[in-house]
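Input: a single structure, listed below in structure tokens.
The values are calculated or read from the model by the stated rules, or taken from the named source; none is laboratory data. All figures in this text were calculated on a predicted structure; none of them were measured in a lab. As a convention, Cβ positions derive from the backbone with ideal geometry for all residues, glycine included, and neighbour counts pool all protein chains shown.
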Amino acid sequence: MVLPAARLNKVFQALSDPTRRRVLERLTHGEVPMSELAHGFDMALPSFSQHLTMLEDCGLVKSKKTGRVRTYRLAPRGLQVAEGWIDRQRDPSRISPTAPRRAMSASYSDSSR
């Protein structure tokens, strides 16, 4: 089981890369086969595949394989962990007085691994 802070870190790490953000933007228009998705990026297919793996591992995209073709689609629910964190930063009144300490200590303990 992935701890909430670890999952949040993985989502933000995935979103920190411009290539992965562009992939997510392209997938807002619907499912795309990997070879077509990779077309607009100046990198080898194995390198591009690593970006897709990271996006899939943190729940931002889903894939399915039909024959030899792997197709990717956006998994918008994967963004909920980041949206929730951002919403709590916007409205601190929704956070209990002890929550920031717990969240902060969880973030630090996750990053030390």
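With the condition kept exactly as written, say whether any residue in region 10-25 is in a loop (DSSP other than H, G, I, E, B) and at pLDDT 95 or above. Steps first, please.
Kept after step one, since they are in a loop (DSSP other than H, G, I, E, B), are these residues of region 10-25: 16-17.
Next cut, at pLDDT 95 or above only: 16-17.
So far as region 10-25 goes, yes, one or more of its residues are in a loop (DSSP other than H, G, I, E, B) and at pLDDT 95 or above.
Just checking, how many residues over region 68-113 are in a helix (DSSP H, G or I), within 20 Å of Ala6 (Cβ to Cβ) and at pLDDT 75 or above? Step through it out loud before you land on a result.
From region 68-113, those in a helix (DSSP H, G or I) are 76-90, 92-94, 99-111; that's our starting set.
Applying the additional criterion that residues be within 20 Å of Ala6 (Cβ to Cβ) yields 77-89, 99-111.
Checking which are at pLDDT 75 or above leaves us with 77-89.
Of the residues in that region, 13 qualify.
Just give me the residues in region 37-87 being of a type outside the set (Lys, Arg), farther than 17 Å from Arg21 by Cβ and in contact with a Lys or Arg (Cβ under 7 Å, 6 or more places away or on another chain), in sequence order.
Ser63, Thr71
Being over 17 Å from Arg7 (Cα atoms) and among the polar types (S, T, N, Q) is the filter; apply it to region 26-67 and report the residue that is surrounded by the most Cβ atoms within 10 Å (Cβ to Cβ). Break it down into steps so the answer makes sense when it comes.
So in region 26-67, the residues over 17 Å from Arg7 (Cα atoms) come out as 26-50, 63-67.
Pick out the ones that are also among the polar types (S, T, N, Q) and you get 28, 35, 47, 49-50, 63, 66.
Numbers: Thr28: 9, Ser35: 12, Ser47: 12, Ser49: 14, Gln50: 13, Ser63: 16, Thr66: 8.
Among residues in region 26-67 that are over 17 Å from Arg7 (Cα atoms) and among the polar types (S, T, N, Q), the one surrounded by the most Cβ atoms within 10 Å (Cβ to Cβ) is Ser63.
Return the pair list, or none, for Cβ contacts closer than 9 Å from residues in region 68-80 that are touching a residue at least 12 places away in the same chain (Cβ under 8 Å) and within 15 Å of Asp57 (Cα to Cα) to residues that are surrounded by 13 or more Cβ atoms within 10 Å (Cβ to Cβ) and of a type in the set (Ser, Thr, Tyr), at least 6 apart or on different chains.
Within 9 Å, the pairs are Tyr72/Ser63; Arg73/Ser63.
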